[in-house]
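Undergrad: Would you mind keeping the following structure in view while I ask a few things?
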Amino acid sequence: MPWGLEAVSEEARKAFSQIRRRMPSGLAILGKLTGKGEVEVAAEGARVRLSDGREMLDFGSYAVALLGHRHPKVVDAVERQLHTMPLSTRALSNPVTAQAAETVVDYLGGGLSRVWFGLNGSDAVEASLKLARLSSGRTHVLAVEGGFHGKSLGALSVTHSERYRHGHRTLLGPVSHLDPADPHALDRLGIPLDEIAALIYEPVQGEAGVRALPLDVIRTWAERVRAGGGFVISDEIQCGLRRCGPRSIALDAGLPTDAVLLGKALGGGVVPLSAAVCTEELFQPLLADPLQHTTTFGGHPLSCAALPAALDAVEASAHRLPDLEDRIGSALARAALSRPDLVSEVRGRGLLWGISFASDEAAGEVLAELCERGLLVSPCLGRPTILRLMPPLTVSDGDLDDGLKILCSTIADVTVS
């Protein structure tokens, strides 16, 4: 039977009706197309169950599900905290948040010694920019063309895509975006180094289509910004925590770094959590006044309980990365060779891959067909010709094989008029 309102479950019908009435109605259209009229109701590992009982493989979730869904160790840690004290009074300190801070500092090697906790990536970006401006006494921030750092106004100011920036003038400023292909971009900008508060960049730009920045260029910029008294912020909210191999790409490469921003997978795919892990110097405004930048739920015990369990689980499966990367890269390379008319490029590392199609229409056709066949991937909202593949680190061999078979057969079969 063709799916339609008469074919879907009552649970889905009710949910879509509520979304249309109370939320952005376009979300209902997108959700209905992706789920063939059904809604997600349960998930475990790399699989999501829909309201009609069907299952889909989740190789998307915008990089949140690095450990898949409901990793048992993370769920257990969060559940224990839920039954003791899920939220903080904010007037008292608690050992769960304190231990989370200690754990993430140790995880990154100890060189970045201070932590500010938020709930999402934009929180961490906002905090780091605010700290850089306060610590330097300056306002000019450098960002990179193609970068995505969030949609709140401060984070949006350093995000490059005009799609998100349009209609939001005036943003936090001044901000200058540098061309990563130009090692001399900082010179061409003509701004004195003693006016620059910070440089913020993503080592691998996810929303820009999984583009790894040239680290030699970033190093040159970072060294000069640092020499002028500014700060360097590595936004690894999507690409860090071993999604692309190292715990931190910037620290692994030995780049000058005053803050590494983490999020998405930091809560283990169970609770929202982000962190700005900073040097003492960058963190000075919060040492002078701890109330300078706070959020009601930032660092609350329920989320922070997940952090040690999540990082332990990541490390327990980290040995799988080379094999997973090789299998994914090989499968995508074969798929691209089979359809040079459809696929223009494949690029990626670790568990973050971008497939560039010949047109927006081609990418859309493939995305729709993948959903039809039971595989979820993430589009690049700022680069509609590109789809992102982000399987979990914990994906079983069978689920990885199934997902890659769906992807490769879809690329082989799709016809774009």
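The values are calculated or read from the model by the stated rules, or taken from the named source; none is laboratory data. Quick caveat: nothing in here was measured; it's all calculated off a predicted structure. Note that we place each Cβ from the backbone using ideal geometry, even for glycine, and neighbour counts take in every protein chain shown. SASA here: full protein model, heavy atoms, side chains in, ligands and nucleic acids out. Shrake-Rupley method; radii C 1.70, N 1.55, O 1.52, S 1.80 Å.
Undergrad: Looking at LEU381, LEU389, LEU351, which one is touching a residue at least 60 places away in the same chain (Cβ under 8 Å), surrounded by fewer than 20 Cβ atoms within 10 Å (Cβ to Cβ), closer than 24 Å to GLY147 by Cβ and within 18 Å of the chain's Cα centre (by Cα)?
TA: Result of the check over LEU381, LEU389, LEU351: LEU381.
Undergrad: Another question, if that's okay. Take region 228-257 and flag every residue that is among the hydrophobic types (A, V, I, L, M, F, W, C) and part of a strand (DSSP E or B).
TA: PHE231, VAL232, ILE233, listed by residue number.
Undergrad: What are the residues in region 5-38 that are in contact with a strand residue (DSSP E or B) (Cβ under 9 Å, 6 or more places away or on another chain), under 20 Å from GLY403 (Cα atoms) and not polar (S, T, N, Q), if any?
TA: Hits for region 5-38 are GLY35, LYS36.
Undergrad: Going by what's in this entry, would ILE249 be described as open to solvent by less than 10 Å² (accessible area, probe 1.4 Å), in contact (Cβ under 8 Å) with a residue 40 or more places away in the chain and under 18 Å from the mean Cα position of the chain (by Cα)?
TA: Considered against the rule, which asks whether it is open to solvent by less than 10 Å² (accessible area, probe 1.4 Å), in contact (Cβ under 8 Å) with a residue 40 or more places away in the chain and under 18 Å from the mean Cα position of the chain (by Cα), ILE249 comes out as yes.
Undergrad: Only one of (1) within 20 Å of ARG347 (Cβ to Cβ); (2) at pLDDT below 95; (3) not aliphatic (A, V, I, L, M) fails for GLN205. Which number is that?
TA: With (1) within 20 Å of ARG347 (Cβ to Cβ); (2) at pLDDT below 95; (3) not aliphatic (A, V, I, L, M) applied to GLN205, the lone miss is (2).
Undergrad: Can you confirm whether GLU361 is open to solvent by 10 Å² or more (accessible area, probe 1.4 Å), closer than 17 Å to VAL204 by Cα, free of Cβ contacts under 8 Å to residues at least 60 places away in the same chain and not in a loop (DSSP other than H, G, I, E, B)?
TA: Answer is no for this residue.
Undergrad: Test GLY254 against the criterion of being at pLDDT 95 or above, more than 13 Å from THR97 (Cβ to Cβ) and either of a type in the set (A, V, I, L, M, F, W, C) or buried (at least 24 other Cβ atoms within 10 Å of the Cβ) (or both), and give yes or no.
TA: no
Undergrad: Right, something else. Six or more apart or on different chains, Cβ under 6 Å: which pairs go from a residue in region 182-211 that's closer than 25 Å to LEU381 by Cβ to one that's crowded, with 20+ Cβ neighbours inside 10 Å and among the hydroxyl-bearing types (Ser, Thr, Tyr)? Could you list them?
TA: Close Cβ pairs (under 6 Å, with a partner that is crowded, with 20+ Cβ neighbours inside 10 Å and among the hydroxyl-bearing types (Ser, Thr, Tyr)) do not exist here.
Undergrad: What's the total number of residues in region 218-271 that are farther than 29 Å from ASP323 by Cβ and among the small types (Gly, Ala, Ser)?
TA: Summing the residues that are farther than 29 Å from ASP323 by Cβ and among the small types (Gly, Ala, Ser) in region 218-271 gives 6.
Undergrad: Still on this model: Could you list all residues from region 297-314 that are part of a loop (DSSP other than H, G, I, E, B) and either hydroxyl-bearing (Ser, Thr, Tyr) or over 19 Å from the mean Cα position of the chain (by Cα) (or both)?
TA: Once the filter is applied, which keeps residues that are part of a loop (DSSP other than H, G, I, E, B) and either hydroxyl-bearing (Ser, Thr, Tyr) or over 19 Å from the mean Cα position of the chain (by Cα) (or both), region 297-314 yields PHE297, HIS300.
Undergrad: For region 174-182, does any single residue satisfy the condition of being under 25 Å from ALA63 (Cα atoms), of a type in the set (Asp, Glu) and at pLDDT 90 or above?
TA: Taking every residue of region 174-182 in turn, none turns out to be under 25 Å from ALA63 (Cα atoms), of a type in the set (Asp, Glu) and at pLDDT 90 or above.
Undergrad: I'd like the full set of residues that are assigned to a loop (DSSP other than H, G, I, E, B) and either of a type in the set (Val, Ile, Thr) or open to solvent by 40 Å² or more (accessible area, probe 1.4 Å) (or both), limited to region 276-287.
TA: THR279, GLU280, GLU281
Undergrad: Within region 93-203, considering only helices (runs of 4 or more DSSP H) that don't extend past its boundaries, which have at least 2 residues that are closer than 14 Å to ALA275 by Cα and open to solvent by 60 Å² or more (accessible area, probe 1.4 Å)?
TA: It comes to 95-107.
Undergrad: Could you grab the pairs with beta carbons closer than 6 Å, sequence gap of 6+ or different chains, first residue in region 288-315 and open to solvent by 30 Å² or more (accessible area, probe 1.4 Å), second one polar (S, T, N, Q)?
TA: Taking only residues 6 or more apart or on different chains, the pairs are LEU302/GLN81; PRO308/THR103.
Undergrad: May I ask you to list the residues in region 364-396 that are hydroxyl-bearing (Ser, Thr, Tyr) and in a strand (DSSP E or B)?
TA: Matches in region 364-396: SER378 only.
Undergrad: Could you list all residues from region 204-222 that are open to solvent by 10 Å² or more (accessible area, probe 1.4 Å) and in a loop (DSSP other than H, G, I, E, B)?
TA: Hits for region 204-222 are GLU207, LEU213, PRO214.
Undergrad: May I pose another question? For region 328-348, give me each residue that is open to solvent by 40 Å² or more (accessible area, probe 1.4 Å) and either free of Cβ contacts under 8 Å to residues at least 60 places away in the same chain or of a type in the set (Val, Ile, Thr) (or both).
TA: SER330, ALA333, LEU337, PRO340, ASP341, SER344, GLU345, VAL346
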